Amino acid sequence: DAGITQSPRHKVTETGTPVTLRCHQTENHRYMYWYRQDPGHGLRLIHYSYGVKDTDKGEVSDGYSVSRSKTEDFLLTLESATSSQTSVYFCAIRGTGGAGANVLTFGAGSRLTVL
Amino acid sequence: KQEVTQIPAALSVPEGENLVLNCSFTDSAIYNLQWFRQDPGKGLTSLLLIQSSQREQTSGRLNASLDKSSGRSTLYIAASQPGDSATYLCAAEFSSWGKFQFGAGTQVVVTP
C-alpha cells in the first residue's frame, strides 16, 4: 500500500507479554500515525510522530509507547499486553507535496489478539 | 471536544441510485477533510481530500463538498454499483498539527 508495510500482520499473544508492531515506509514522509480500530469505536489515534524522535500522544495512548529512531520506521510497543488491547492496528503516513499533500495513506493493518 | 459524526451508520440502495453520505464536524476551524473507503478486513483507501479553502473536489463518479459554516461535508457517488459496497469514513484535521479525527463510518450496501 503506497510504500507502507506493517508487521506482523497477525499476532496472538498472552496477557502480560510485550508486543511490538512495526510500520515501515519507503517514501520519507515526516508524519506517521498509529490508530486502533474497534467495533463501536471507529478509528482512534494512539500516537503519532512528526519527525525522528518527535512523537506525541493521541486520544488512547495509555498502555502504549512508540519510538521513531529512523524516518522510515515507527514502532508501537505494548509493554504488557491486556485483553482490552485486542484490536486491529493501522499505521498511516501523511503525504507531503504535490497532489498527495496531506493525504493519509494507510497500511494493511495488524490484527492483534491478546488471550 | 472536536467531534466528527456520520449519520446514518448504515445505508442500502439499489444499483444505479445516487449515494449521498454525510459527515458533520463540531469545529468550523477545519484544516482539511478527507473521505476514505474501507472494504471488510482491509485498510482504508483515500478517496478525496478537501482543503479548507476549497468548496468541493471531484474524482470520476465521486464528488465531495465542504461547508465549514454549517460544519458539514457530503460525499456524492453517482450511479452506484455493487462494487461501491463498503464502509465510508470521513476524517477532519482541525489544525495544522497533524492529528485527524475520524467519524465512525457509514456502511453502504448497493443491491443489484
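The values are calculated or read from the model by the stated rules, or taken from the named source; none is laboratory data. Bear in mind that the values here come from a model prediction, so they are computed numbers and not experimental data. Every residue, glycine as well, gets a Cβ built from its backbone with ideal geometry; the counts of neighbours run over all protein chains shown. Note: accessible area is taken over every heavy atom of the protein model, side chains too, but ligands, DNA and RNA are not part of it. Shrake-Rupley method; radii C 1.70, N 1.55, O 1.52, S 1.80 Å.
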**Complete:** With criteria (1) among the hydroxyl-bearing types (Ser, Thr, Tyr); (2) more than 14 Å from chain A (Cβ to nearest Cβ); (3) in a strand (DSSP E or B), residue B:87 comes up short on (2)
**Prompt:** Is there a residue in region B:50-69 that is under 24 Å from residue A:89 (Cα atoms) and in contact with a Ser or Thr (Cβ under 6 Å, 6 or more places away or on another chain)?
**Reply:** no
**Asked** Any chance region A:23-44 includes a residue that's among the acidic types (Asp, Glu) and surrounded by 15 or more Cβ atoms within 10 Å (Cβ to Cβ)?
**Response** no
**Request:** Look at residue B:64 and say whether it is exposed (fewer than 15 other Cβ atoms within 10 Å of the Cβ) and touching a residue at least 24 places away in the same chain (Cβ under 8 Å).
**Result:** no
**Message:** Criterion first (more than 14 Å from every other protein chain (Cβ to nearest Cβ) and in contact (Cβ under 8 Å) with a residue 40 or more places away in the chain) does residue B:28 satisfy it?
**Reply:** yes
**Message:** Can you list residue pairs whose Cβ atoms sit under 7 Å apart, with the first residue in region A:16-36 being more than 13 Å from residue A:104 (Cβ to Cβ) and the second being of a type in the set (Asp, Glu) and open to solvent by 50 Å² or more (accessible area, probe 1.4 Å)? Count only pairs 6 or more apart in sequence or on different chains.
**Reply:** A:18/A:79; A:24/A:72; A:26/A:72
**Fill in**
Within region B:30-44, the residues that are in a loop (DSSP other than H, G, I, E, B) and either at positive phi or aliphatic (A, V, I, L, M) (or both) are B:30, B:41
**Request:** Would you mind finding the one in A:67, A:80 that is in contact with a strand residue (DSSP E or B) (Cβ under 7 Å, 6 or more places away or on another chain), open to solvent by 50 Å² or more (accessible area, probe 1.4 Å) and polar (S, T, N, Q)?
**Result:** A:67
**Message:** Quick check on residue B:53: is it more than 14 Å from every other protein chain (Cβ to nearest Cβ), among the polar types (S, T, N, Q) and farther than 25 Å from residue A:49 by Cβ?
**Reply:** no
**Message:** Looking only at residues that are closer than 21 Å to residue B:93 by Cβ and assigned to a loop (DSSP other than H, G, I, E, B) in region B:8-29, which one is least open to solvent (accessible area, probe 1.4 Å)?
**Reply:** B:27
**Item:** Candidate set: region A:13-31, residues that are modelled with pLDDT of 95 or more and touching a Phe, Trp or Tyr at 6+ places or on another chain (Cβ under 7 Å); chosen: the one nearest to residue A:82 (Cα to Cα)
**Value:** A:21
**Complete:** Residue pairs qualifying under the 9 Å Cβ cut-off, at least six apart or on distinct chains, with the first in region A:83-102 being over 21 Å from residue A:51 (Cα atoms) and the second being at pLDDT 80 or above and among the acidic types (Asp, Glu), are A:86/A:38; A:87/A:38; A:88/A:38
